[in-house]
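To keep things clear, I will list the structure first and then write my remarks on it.
Just so it is clear, none of the values below were taken in a lab; they were calculated from the coordinates. Keep in mind it's a predicted model, so treat the numbers as computed, not measured. Here the Cβ positions follow ideal geometry from the backbone for every residue, glycine too, while neighbour counts run over all protein chains shown.
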Amino acid sequence: MNQKALKTLEYDKIVTQLEACATSSLGKEMCRRLTPLSDLVQIETLQQETADALSRIYQKGSLSFGGLKDIRGSLKRLEIGSTLGTGELLAVCSLLETANKAKAYSRRENEEQEGDCLDALFDVIQPLTPLALEIRRCILSEEEIADDASPGLKQVRRAMKNTNDKIHSQLSSYVSGGGRTYLQDAVITMRNGRYCIPVKAEYKSQVPGMVHDQSSTGSTFFVEPMAVVKLNNDLRELEIKEQAEIEIVLSDLSQAAAEQLEFLEDNLKVLAQLDFIFARALLAKNQNATEPIFNTEGIIELKKARHPLIDKHRVVPIDVRLGDTFDLLVITGPNTGGKTVSLKTVGLLTLMGQSGLHIPAFDHSRLSVFREVYADIGDEQSIEQSLSTFSSHMTNVVRFLEKADQHSLVLFDELGAGTDPTEGAALAIAILSHLHEQGIRTMATTHYSELKVYALSTEGVENGSCEFDVETLRPTYRLLIGIPGKSNAFAISGKLGLPSYIIDKAKEQISKEDESFEDVLSTLEDSRRTIESEQAQIAAYKEEVAQLKARLEEKQDKLDQQKERILQNANEEAHRILREAKEYADQTMKIFNKAGSETLSAKDLEKRRSELRQKMDHAGKKMALKTPEKKKSTLTAKDISLGDAVKVLSLNVKGTVSSKPDAKGMLFVQMGILRSKVHLSDLQLIDEPVITGPSLQRTGAGKIKMNKSSSIRTEINLLGKTVDEAVAELDKYLDDAYLAHLSSVRVVHGKGTGALRKGVHNYLKRLKYVQDFHLAEFGEGDAGVTIVEFKK
């Protein structure tokens, strides 16, 4: 990929953002070396790595590689048998501790959970825990070796302590005894590594010993008394032995590390690569980016794409298509309308995707693999090279025409500008025609009307425009495919205060054909806005109808289940009653049979018969189905007022009265988006709290329903539900929460496989009244909770 395009499209700034996401020096180095690839297999491998790492971050949080040091030089020294210093061995230990953390991070909570492409990398890691523990045991810091690092070192340091104690004892007795008058200060100091006392110059001969130093004024001599000379010599010998023992410890540790050299090299390489992969995933998370779908047919389809270098809360997403039904897109519109940003967005997202980075766009956005991207954007005039704006642009164009082919993406900003408009337009058309005939994917911005006509009249070439609101004099930054744009120079000038007679004079200079063409563009723009508004309204209606249908189906399912349960209970009860009746009848028959053999009075027989009849009547009453009486409304026209809350009995749906009853008792009731005509006998008044305060917006009857805001909670729990069940429940809850004027709510979906979280996030992206949503902070639910913020 040519470096000029990378610089023009500001790819280096993306690399800087990526480098900031890496936590080790080796990972940052790999980020700096990242460049776009042109091999589809390699690109898809990088994209899959980024996607799998992002999935792990959402499930378990980020993985830090801060303990990974660049020990490549130390490993080379181990390879030739050298002994490492304390700092180098601690760096090896830090590498192994980072490897141990990465290994623990890679373990899955559920063994049945499917693996990903990162498992192979994690499997290579060998923590070498015994070696790491041994280094930590022996080396406390870069300046300190532990006493028990070896038996010899421990013995030497014990002897050094004893010798030190003897020296201090001897000198302390001298300082606090009769020699105090000879001393400048009653202190014990060190000179040249030996313990001394400060003796006054006039008493130097009174203190036998070796002079090691003199003060700058000459009034003090630092003398080592003869009584401690041998002890100081012994201490010096022990220090030499201590250093020898330390060298043995470091040598043993270095030898142990050299035996694991191959594993150390693998760990260093794999951990650096994982840091690079997780840096790409963390950048995708920060940008709310998704994995693009790549093809080799030159097709680009970006859905709600955002320029990654513009604040994601301010940037306006755009939809871009190129390469499916047309391979040349001509974008027109006023200055500062977003034309150049649209060009850079397409170019930069292509470079990011081919580098294995996710792109800030909606799911299922498509990108094509290009071998080269050529971009002529911005003013590159050069005084040193005597190049004007037009000359610098033409220099780029000449180079593009020489090298571009069907596997290239070419981006032009203001093609043909900087010279005579007539010649510039003709030149631009010729250049674009040449690229179009070769099938090269091209995007170009322009102000020339001739290019708009060329796009309208040429097959495989499409117009595009950046929308502009003339009333507010502000661009909306929306990219519209299929509609040529207007420069709106007259309208903008008029709004800014240019006299109307000057504008009228300017309009006289425009030919009838040009004026008609601009009028056609205006008509097309007005029609488009009307159609978009109607489509949005229809979509809202469809969504509301679908929600009502889903709720009705859910209610019907519950009724069917309840019906089955009632019938089952009724059958069981009937069987029980029949069994009791049969048993009683059998008992009675035995009594009658017994009556044939024994003498029973007629009175006893009649009593038994009456008891049997009562028992059978009682069983019959239990088995009889009770038919509930249908409620009938007794409302009259006087009982109903506009805005009253009612229930339509035949539909079992709540609504609001929107008209007065006519002579036949018929009136209109508003039920959601449905407005139906029903009879008074089919209505029932229901009680709902109302607010009639002047500070609230009134309905037609001056009332506002407040049936939800008083009881809505700030959190919903979706754990254990399928995506469809969760979305249905979440939809109703968010409607209630928004109507209740809550600023934000918590959606608890759990971590799990991430399918429920992804389904919830995909649904939230479609809600117009949702301002923003993000995962909860550490300690508040992490990746298992999403915070949803509503528009004010």
*Out-of-range pairs (alpha-carbon distance over 29 Å; input K563/K758; K303/K654; K344/K505; K542/K758)*: K563/K758; K303/K654; K344/K505
*Amide H neighbours of G298 under 5 Å, at least 5 residues apart or on other chains, H built in the peptide plane: list them.*
V369
*Residues whose placed amide H lies under 5 Å from that of Y477, excluding near-sequence neighbours*: E467
*By the scheme Lys and Arg +1, Asp and Glu -1, what is the net charge of all other residues having a beta-carbon under 14 Å from that of L34?*
0
*Apply the Karplus parameterisation 6.51 cos²θ - 1.76 cosθ + 1.60, with θ equal to phi minus 60°, to every residue of segment 113-129 and state each ³J(HN,Hα) to the nearest whole Hz, in sequence, with x for glycine and proline.*
5, 5, x, 9, 6, 7, 4, 4, 5, 5, 5, 5, 5, 10, x, 6, 4
*³J(HN,Hα) across segment 755-766 via Karplus (A = 6.51, B = -1.76, C = 1.60, θ = phi - 60°), whole Hz, x for Gly/Pro?*
5, 5, 4, 5, x, 5, 5, 4, 5, 5, 4, 8
*asked:* Let me spell out the model: positive unit charges on the Cβ of Lys and Arg, negative unit charges on the Cβ of Asp and Glu, origin at the Cα centre of segment 127-174. What dipole size does that give, in debye rounded to 20?
replied: 240
_Derived scalar couplings ³J(HN,Hα) [segment 740-750; Karplus, 6.51 cos²θ - 1.76 cosθ + 1.60; whole Hz; x for Gly, Pro]_ = 7, 6, 6, 7, 7, 9, 10, 10, 8, 10, x
*When the dipole is taken about the Cα centre of segment 180-307, and only Lys, Arg (+1) and Asp, Glu (-1) are charged at their Cβ, what size is it in debye, to the nearest 20?*
840
*asked:* Students often get this wrong, so check it: of K732/K792; K647/K732; K721/K791, which have C-alpha atoms separated by over 23 Å?
replied: K721/K791
*Under 5 Å between amide H atoms, partner at least 5 residues away or on a different chain: which partners does D213 have, H built in plane at 1.01 Å?*
F222
*I531 paired with R713, simple spin-label distance in nm, labels 7 Å along Cα-to-beta-carbon*: 4.7
